[in-house]
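Worksheet for the structure shown next.
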Amino acid sequence: MLFDEGGLVETKDRKTGASGNIPKWLDLPDPRSFRPKRKHRTVWISDVHLGTRGCNATMLVDFLRSIECETLYLVGDIVDGWRLRKGWYWPDAHSEVVRRVLKMAHRGTRVVFIAGNHDEMLRSYAGMTFGGVELALEAVHETADGRRLLVTHGDSFDGVVLYAKWLAFLGDKAYSLLLRSNIWVNAIRRRLKLPYWSLSSYMKKRVKNAVQYIGSYEEAVAHEAITRGLDGIVCGHIHCAEIRQIGGITYYNDGDWVESCTALAEDFAGHITIIDWARETAAASAESAGQNMEIPA
């Protein structure tokens, strides 16, 4: 049974007809918005890292409020169990992400949670459903145009995580320091009324070893799709959004919500694109600021 300070309401499961109690907030209407919701067939997000200071939870909530989709894939590392084991950090914005996802599931969106390495504690629950959210190790998604895509977090193709977990933890600590710098940089940029910018993403794309690692990872992931006779693969893990052809299959990476704030979205014809929410938000803010500066005739 779920409890909420707003109380419980009696309801029936739309699939089974069984009665049960749900929190009232699941049925509360969304805040009014001046922008119409975008309608997608499918949306993929990953690497949110709830429970860390680098998580851009507020921006993610804004994105999720702006869309409607038939299926939402959470492609791993949604919750950062590695960081939470070291110390608890969970502001209200992180709870709001969870509430938003549960609302989407309650309102008819199929939500599939593919566990990653940072939320690997959920892997033992694969095959179960909690609050309308399906837990899985991986999935095969069929697009509207009939292509079959493997959906997996991607850490199983990462030699560092697979064969030297202690090295992965060491890299995670250095990466966390870079993300903390990200927070301070963007705090200053907000005071200067500048849009969000990722220092960690900027550095990653310019370090030769990181570029080589990303290329090797993408090829390893693509090979798995080829081996299984699939048309493509959707993954996360390396925090680098990308769509490209590799050896006859299409490689899709949905990026992250720590550095770049990106997602993948499929339209009703089966076409998949990258949504760069940080860039779109910055562009919208700049346009709004420009309109406000206009002098009436």
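The values are calculated or read from the model by the stated rules, or taken from the named source; none is laboratory data. Just so we're clear, the structure is a prediction, and the values are computed from it rather than from any experiment. Positions of Cβ are generated from backbone atoms using ideal geometry, with glycine treated the same way; all protein chains shown enter the neighbour counts.
Considering the range 79-102, and only residues there that are charged (D, E, K, R) and assigned to a helix (DSSP H, G or I), the residue that is farthest from Phe130 (Cα to Cα) turns out to be Lys86. All conditions in (1) closer than 16 Å to His239 by Cβ; (2) hydroxyl-bearing (Ser, Thr, Tyr); (3) loosely packed, with under 14 Cβ neighbours inside 10 Å hold for Ser95, with the sole exception of (1). Which of the residues that make up the range 11-59 are at pLDDT below 80, closer than 26 Å to Phe268 by Cβ and either among the aromatic types (Phe, Trp, Tyr) or not in a loop (DSSP other than H, G, I, E, B) (or both)? Result: Phe34, single match. So is Val185 over 19 Å from Gly116 (Cα atoms) and at pLDDT below 65 or not? No: the conditions fail for Val185.
Each row is one residue, and each column tells you yes or no for (1) free of Cβ contacts under 8 Å to residues at least 24 places away in the same chain; (2) touching a Gly at 6+ places or on another chain (Cβ under 9 Å); (3) of a type in the set (Val, Ile, Thr).
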site: Pro31; (1), (2), (3): no, no, no
site: Arg38; (1), (2), (3): no, no, no
site: Ser46; (1), (2), (3): no, yes, no
site: Phe63; (1), (2), (3): no, no, no
site: Cys69; (1), (2), (3): no, no, no
site: Tyr73; (1), (2), (3): no, no, no
site: Arg83; (1), (2), (3): no, yes, no
site: Gly87; (1), (2), (3): yes, no, no
site: Ala93; (1), (2), (3): no, no, no
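Within the group Gly132, Gly154, which residue is within 27 Å of His271 (Cβ to Cβ) and at pLDDT 60 or above? After applying the criteria, what remains is Gly154.
For every residue, the table says whether it meets (1) surrounded by 24 or more Cβ atoms within 10 Å (Cβ to Cβ); (2) at pLDDT 95 or above; (3) aromatic (Phe, Trp, Tyr).
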| position | (1), (2), (3) |
| --- | --- |
| Asp254 | yes, yes, no |
| Glu259 | yes, no, no |
| Thr262 | yes, yes, no |
| Thr273 | no, yes, no |
| Ala289 | no, no, no |
| Glu294 | no, no, no |
| Ala297 | no, no, no |
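Annotation: Ala105 fulfils all but one of (1) in a loop (DSSP other than H, G, I, E, B); (2) without any contact (Cβ under 8 Å) to a residue 40 or more places away in the chain; (3) among the small types (Gly, Ala, Ser); (4) surrounded by 14 or more Cβ atoms within 10 Å (Cβ to Cβ); the unmet one is (1).
Selection of the range 110-127 for residues being surrounded by fewer than 19 Cβ atoms within 10 Å (Cβ to Cβ), assigned to a loop (DSSP other than H, G, I, E, B) and on the phi < 0 side of the Ramachandran plot yields only Ala126.
Determine if the range 143-151 includes at least one residue that is at pLDDT 65 or above and touching a Cys at 6+ places or on another chain (Cβ under 9 Å). Looking for residues that are at pLDDT 65 or above and touching a Cys at 6+ places or on another chain (Cβ under 9 Å), one finds at least one in the range 143-151, hence yes. In the range 141-149, the condition of being under 17 Å from Trp44 (Cα atoms), part of a loop (DSSP other than H, G, I, E, B) and either free of Cβ contacts under 8 Å to residues at least 60 places away in the same chain or touching a helix residue (DSSP H, G or I) at 6+ places or on another chain (Cβ under 7 Å) (or both) is met by no residue. Applying a threshold of 9 Å to beta carbon distances and a minimum spacing of six or more residues, or different chains, the list of pairs starting in the range 121-138 at a residue that is in contact (Cβ under 8 Å) with a residue 12 or more places away in the chain and over 19 Å from Asp80 (Cα atoms) and ending at one that is in a loop (DSSP other than H, G, I, E, B) and of a type in the set (S, T, N, Q) reads Gly132/Thr109.
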